[in-house]
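K.L.:
One structure, pasted below without further comment.
The values are calculated or read from the model by the stated rules, or taken from the named source; none is laboratory data. Because the structure is a prediction, the values reported are computed rather than measured. All Cβ positions, glycine included, derive from the backbone under ideal geometry; neighbour counts span all protein chains shown. Protein only, heavy atoms only, side chains kept; ligands, DNA and RNA dropped before computing areas. Shrake-Rupley method; radii C 1.70, N 1.55, O 1.52, S 1.80 Å.
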Amino acid sequence: MVKVVKFGGSSLASAEQFRKVAQIIYADDTRRYVVPSAPGKRFDGDTKVTDMLYSCYSLAVKGKSFDSEFEAIKDRYNSIIEELNIDLNLEKEFETIKACFIGRAGRDYAASRGEYLSGMTLAAYLGYEFVDSAEIIFFNEDGSFDSKRTAKAVANRLEAAERAVIPGFYGSMPNDTIKTFSRGGSDVTGSIVASGVNADLYENWTDVSGFLICDPRIVENPEPIRTITYKELRELAYMGATVLHEDAIFPVRKAGIPINIKNTNEPDDAGTFIVESTSQKPLYTVTGIAGKKGFAVVNIEKDMMNSELGFGRKVLEQFEKNGISFEHMPSGIDTMSIVVHQEEFVKKEQEILSGIHRNVHPDLIDIETDLALIAVVGRGMKSERGTAGRIFSALAHAHVNVKMIDQGSSELNIIIGVHERDFEKAVKAIYEIFVLQRL
Ligand code: ADP
Ligand code: ASP
Ligand code: MG
């Protein structure tokens, strides 16, 4: 049995958190490969080391002094090392990093040092071998992830290491420079390592007791989800439930390795199991609710649109030509709506609208902005009737005006569009009807 364990930033924010992490690792002999993030926030209003590194580096690029900012980063690590009495001196590493900042080694290099130093510190504390991710995680020339080369390197290198710490978030480019995944990317590293060593389980340790039914910043103390399928999770992650990076699903899914989201501060809580499929009935009709702000919707009306061959294609062509992808496209007989990311869309708005006018001569085009999308996701919805109706009536009760609704063909999710100012209210209302009232 082999487990790969990833610890997020808040799990490694301070010496006290490092202690908890070590306890968790030592409690189970099969937790052999550890993927740490950079130290995160210790308290509300604190700054993550990754963000400190980004700001430090942008000063360096501008040729400004960054001494005091760099000292603050050193302090984060040195205070952990001192408090835990770890036999480690990072002074040489700090010097190298500083020189590379001055030499403009790149923004990705800068950010990656958070995980690199965190990994060295944790390895020394645990007495585990340190394996630099730059040696085993690779990107292609075009910046995409090189899964083949990586899988081989991870398997070979870790076969030779009984126990190791492998820093999250980064790897190397063909020219040996450092590249990171997008923010939150240590989750992806954990998943890649789990698949590379063919782990039995990928444990992802964070600061909540699993994937919660909805964002705890919107609903107070939402219930955790016991078991969720990869598909459901992907829908939720895509729509902003950021507990797990959305790209962290593919490597383990391919290898059939389940993920267990666990809480470093409450290690006995069961957490959430993420699996390919399950016969476990969900407790509620709805597995999870997630949403995002910042969308716009283009509504197009034309009599007899339905019978006009190629209408949809001609409309979408205009978006494609301008490099705008669309999120959803609910349609009626004489209407179609295209939901897009507002920030991207506004830059190309006039080109797209005049293109549509020229191409399909609609009766009316109207744009609604400041839309939030909410995904209500659940494998249980397929076998239950009236889910959409219940959502509508809950929202009507809460005086939320529904601007759009789109049910995916898999019947796994329903997407609802509301005005941004109603977003939190709508999420609460949906949670209440499906979970608190448990109808
Ligand atoms: P880590 O630093 O461990 O990677 P993250 O901050 O990336 O942790 O993810 C955990 C956070 O995700 C939680 O603290 C919580 O605020 C937020 N979150 C958003 N949606 C959800 C959800 N549905 N369930 C649990 N946590 C959520
Ligand atoms: N430290 C990186 C970030 O803050 C990666 C991670 O935590 O997963 O985005
Ligand atoms: Mg994270």
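K.L.:
Per residue, what accessible area does the chain have, given a 1.4 Å probe and all protein chains present, in Å²? Walk me through the intermediate numbers first.
P.N.:
Details: 20270 Å² over 439 residues.
I get 46 Å² per residue for the chain.
K.L.:
How many nm is it between the label spots at R19 and S68, if each spot is 7 Å from the Cα in line with the beta carbon?
P.N.:
The modelled label-to-label distance comes out at 3.2 nm.
K.L.:
Are there any GluC sites (Glu not before Pro) in region 46-145 that are in a DSSP loop and have at most 11 other Cβ atoms within 10 Å? List them by number. List each step's numbers first, then the result.
P.N.:
Working: sites: E69, E71, E82, E83, E91, E93, E95, E115, E129, E135, E141; in loops: E141.
Those satisfying the criteria are E141.
K.L.:
Using a 1.4 Å probe over the heavy atoms of the protein chains, calculate the carbon and sulfur portion of the accessible area of region 161-232 as a whole percent. Walk me through the intermediate numbers first.
P.N.:
On the way: 1080 of 2580 Å².
The C+S portion of the solvent-accessible surface of region 161-232 is 42 percent.
K.L.:
For K281, what charge total do you get from the other residues with a beta carbon under 13 Å from its beta carbon, if Lys and Arg give +1 and Asp and Glu give -1?
P.N.:
+2
K.L.:
Taking 0.36 nm per residue of separation and subtracting the Cα-Cα distance, what length does fully extending D75 through S354 add? Kindly include the intermediate steps, with their values, before the conclusion.
P.N.:
Details: separation 279, 0.36 × 279 = 100.44 nm, distance 5.62 nm.
Computed gain between D75 and S354 is 94.8 nm.
K.L.:
How would region 22-129 be classified by its alpha-carbon gyration tensor: rounded, prolate or oblate, with rounded meaning a/c under 1.5 and the a/b versus b/c comparison settling the rest? Don't jump to the answer; show the numbers that get you there.
P.N.:
Values: a/c = 2.05, a/b = 1.90, b/c = 1.08.
Since a/c reaches 1.5 and a/b is larger than b/c, the shape of region 22-129 is classed as prolate.
K.L.:
On the accessible surface of region 23-81, probed at 1.4 Å, how many percent belong to carbon and sulfur atoms? Before the final figure, lay out each step's value.
P.N.:
Numbers: 1280 of 2740 Å².
Whole-percent figure for carbon plus sulfur exposure: 47.
K.L.:
List the residues, sorted by chain then number, that are 5 or more residues from S172 or on another chain and whose placed amide H is less than 5 Å from its amide H.
P.N.:
I137, F138, F139, K179
K.L.:
Here is a further query. Over the alpha carbons of region 348-429, what is the largest minus smallest coordinate on each principal axis, giving the biggest first in Å?
P.N.:
Dimensions of region 348-429 along the principal axes of its Cα atoms: 44, 29, 21 Å.
K.L.:
Quick one: dipole size for region 154-274, taken about the Cα centre, charges +1 on Lys/Arg Cβ and -1 on Asp/Glu Cβ, in debye to the nearest 20.
P.N.:
Numbers: 11 positive and 17 negative charges, 90 e Å.
So the magnitude is around 440 debye.
K.L.:
Still on this structure, please answer the following. For the chain, what number results from the quotient of the Cα radius of gyration and 2.2 N^0.38 Å?
P.N.:
Working: Rg = 24.1 Å, N = 439, 2.2 N^0.38 = 22.2 Å.
Scaled against compact globular proteins, the figure is 1.08.
K.L.:
Convert each backbone phi in region 410-424 into a coupling constant with the Karplus relation 6.51 cos²θ - 1.76 cosθ + 1.60 (shift: θ = phi - 60°), then list the ³J(HN,Hα) values in order as whole Hz, x for Gly and Pro.
P.N.:
Along region 410-424, the couplings run 7, 6, 8, 8, 10, 9, 10, x, 9, 5, 3, 5, 9, 3, 4 Hz.
K.L.:
I'd like the trypsin sites (Lys or Arg not before Pro) in region 403-439 restricted to DSSP loop residues with at most 11 other Cβ atoms within 10 Å, sorted by number. Each step should come with its number before you reach the end.
P.N.:
Values: sites: K403, R421, K425, K428, R438; in loops: R438.
The qualifying sites are R438.
K.L.:
Among T287, F345, L316, whose Cα projects farthest towards the positive end of the dipole of region 267-402, with charges put on the beta-carbon of Lys, Arg (+1) and Asp, Glu (-1)?
P.N.:
T287
K.L.:
With +1 on each Lys and Arg Cβ and -1 on each Asp and Glu Cβ, how big is the dipole of region 238-326 about its Cα centre, in debye rounded to the nearest 20? All intermediate terms of the calculation are to be shown ahead of the outcome.
P.N.:
Numbers: 10 positive and 11 negative charges, 32 e Å.
Dipole magnitude for region 238-326 comes out near 160 debye.
K.L.:
In nm, give the distance between the simple-model label positions of S383 and D200, each being 7 Å from the Cα along the Cα-to-Cβ direction.
P.N.:
Simple spin-label model gives 3.0 nm for this pair.
K.L.:
Placing +1 on the Cβ of each Lys and Arg and -1 on the Cβ of each Asp and Glu in region 357-439, which of F434, N359, N413 has its Cα farthest towards the positive end of the resulting dipole?
P.N.:
Selected residue: F434.
K.L.:
Scan region 14-87 for chymotrypsin sites (Phe, Trp or Tyr not before Pro) in coil per DSSP, keeping those whose Cβ has at most 14 other Cβ atoms within 10 Å, and list them by number.
P.N.:
Numbers: sites: F18, Y26, Y33, F43, Y54, Y57, F66, F70, Y77; in loops: F43, F66.
Passing both the DSSP loop test and the Cβ count: F43.
K.L.:
Computing the accessible area with a 1.4 Å probe over protein heavy atoms, can you report the carbon and sulfur percentage for region 273-407?
P.N.:
Carbon and sulfur together cover 50 percent of it.
K.L.:
So what is the 222 nm mean residue ellipticity for the chain from helices alone, if each DSSP H run of at least 4 adds -39500 (n - 2.57) and you divide by all residues, rounding to the nearest 500 deg cm²/dmol? Walk me through the numbers on the way to the answer.
P.N.:
Values: 13 runs with 164 residues, N = 439.
Mean residue ellipticity, 222 nm, calculated: -12000 deg cm²/dmol.
K.L.:
Each label point is 7 Å from the Cα along the Cα-to-Cβ direction; what then is the distance between the points at E320 and K254, in nm?
P.N.:
Going from the E320 label point to the K254 one covers 2.7 nm.
K.L.:
Using r as the Cβ-Cβ distance of E95 and S144, and R0 as 30 Å, what FRET efficiency do you calculate, to the nearest 0.05?
P.N.:
Working: r = 33 Å, r/R0 = 1.11.
E between E95 and S144, to the nearest 0.05, is 0.35.
K.L.:
Which value, in debye to the nearest 20, gives the size of the charge dipole of the chain about its Cα centre, when Lys and Arg are +1 and Asp and Glu are -1 at the Cβ?
P.N.:
Details: 51 positive and 64 negative charges, 107 e Å.
My answer is approximately 520 debye.
K.L.:
To test your reading of the geometry: what angle, between 0 and 90 degrees and rounded to tens, separates the Cα axis of helix 147-159 from the longest principal axis of the chain?
P.N.:
30 degrees
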